[in-house]
Amino acid sequence: MKDKIKSLIDLSQVEPEALKQIYDVASLDIVKKLAIMPDVHTGYDLCIGGVALVEDHISPSFVGYDIGCGMCFVNTGVKKEEIFRSRKEREKIAQQIYKAIPVGNNIRKKPLDYKPFKSASGDKNLTKKVNDKLYHSLGTLGSGNHFIEIGENLEGYVCITIHSGSRNIGHSIASYYMKKGRFLPLNSDIGQAYIQDMNFALEYALENRLTMMKEILKILGFTEKEAKKIIKKTLINENHNHAVITEEGVLHRKGATPADEGQLGIIPANMRDGVYLTVGLGNKEFLSSASHGAGRVLSRRKAKELIDLEEFKKVMDSADIVAKVSPSTLDEAPFAYKDINQVIEAQRGVVVEIIDQVKPVINIKG
């Protein structure tokens, strides 16, 4: 069983609950290989930061509830001082973003246009449930660790990073298929139906991020034509909750990003330390994957119990980051996450190389 597991960190460093999930999954005959990322922590069924290669079956629970959750990044090509001349200007832009983009549990009052959903399962209730939320949820951020971040890269250019998923749409699809079984045969009607509905959620999650990206570029003063050019030229998109059919089997990533050779990716740190841009090395030993972030070291409940709000304010102010620092975001404080430097070093030269770093100047949370 242990021969199946390839971990980027020593398994003795993994929390007991997540370690149990790792061994439980690795013990399954149907699982051919399991790669563990350095941001690993407890999830539902498959740990977060887990990549599982499964034989002839697809697992809705191995993909998770937020199908297509991931990151979009653009480099505006404009220097920071040309957009932000003062903290007051940054605060104003943050307010405009909160006004334009619904965050947390909020959705849009006015629906946006998108293709309708028709579940490949034939279930009319699932089709209705998804369509009821589809149009009002497009271009919304969500809560938890989802964020919009505007920052400055190593060359001084303003960059935008968005972390969000398929919102309630992916959750509804995942919930429906998880009730059908832990593993669905690829050659079955239900397995094929899940793949089609999962792909709908993957596309929706990308469109969700792109809709927000266009709005943010507009707020920063770019024309529609300029925004399209920036997106076309510099967009990096990657999602970290998905399943891909390969020659070796079905590759499930939950809280892990693709790191094929030459593939560009994003690894976020926390509200203070920004994001790292990476290029994949295509390391097949670790299923050509990398971490999707730093990984939590404190649960949300523990973070709210243990982290001091004043200390949180102090570190964000000292970094001069405009952000929502309040009891509602205490569970997203930098101290709730693992040391990003250790997480990066566990991967550098093994599964990815680091090509840029973006330090935040504005952070938007739900």
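The values are calculated or read from the model by the stated rules, or taken from the named source; none is laboratory data. Predicted model only: the values in this text are computed from it and were never measured. Note: ideal-geometry Cβ built from the backbone for every residue, glycine included; neighbour counts use all protein chains shown. These accessible areas exclude ligands, DNA and RNA; they are computed on the full protein's heavy atoms, side chains included. Shrake-Rupley method; radii C 1.70, N 1.55, O 1.52, S 1.80 Å.
Listed by position, the helices (runs of 4 or more DSSP H) enclosed by the range 79-160 that each have at least 1 residues that are over 24 Å from residue 195 (Cα atoms), touching a Gly at 6+ places or on another chain (Cβ under 8 Å) and open to solvent by 30 Å² or more (accessible area, probe 1.4 Å) are 80-83. I need the full set of residues from the range 19-40 which are more than 22 Å from residue 283 (Cβ to Cβ) and either part of a loop (DSSP other than H, G, I, E, B) or touching a residue at least 24 places away in the same chain (Cβ under 8 Å) (or both), in order please. Across the range 19-40, the qualifying residues are 21, 27, 28, 29, 30. For the range 317-327, a residue qualifies if it is open to solvent by less than 70 Å² (accessible area, probe 1.4 Å), within 18 Å of residue 103 (Cβ to Cβ) and not β-branched (Val, Ile, Thr), and the qualifying residues are 323, 324, 326.
If only residues of the range 163-212 that are open to solvent by 30 Å² or more (accessible area, probe 1.4 Å) and free of Cβ contacts under 8 Å to residues at least 24 places away in the same chain are counted, the one that is farthest from residue 133 (Cα to Cα) is 189. Taken over the range 12-46, residues that are polar (S, T, N, Q) and open to solvent by less than 60 Å² (accessible area, probe 1.4 Å) amount to 2. What about residue 268, is it without any contact (Cβ under 8 Å) to a residue 40 or more places away in the chain and under 14 Å from the mean Cα position of the chain (by Cα)? For residue 268, the condition - without any contact (Cβ under 8 Å) to a residue 40 or more places away in the chain and under 14 Å from the mean Cα position of the chain (by Cα) - is not met.
In the range 307-321 there is no residue that is modelled with pLDDT under 95 and touching a strand residue (DSSP E or B) at 6+ places or on another chain (Cβ under 8 Å).
Against the test of being over 20 Å from residue 340 (Cβ atoms), among the acidic types (Asp, Glu) and modelled with pLDDT under 95, the options 24, 56, 29, 3 yield a single qualifying residue, 3.
Scanning the range 47-64 for residues that are more than 21 Å from residue 176 (Cα to Cα) and open to solvent by 10 Å² or more (accessible area, probe 1.4 Å) yields 53, 55.
When the range 247-263 is examined, which residues are found to be free of Cβ contacts under 8 Å to residues at least 60 places away in the same chain and open to solvent by 30 Å² or more (accessible area, probe 1.4 Å)? The answer is 247, 260, 261, 262, 263.
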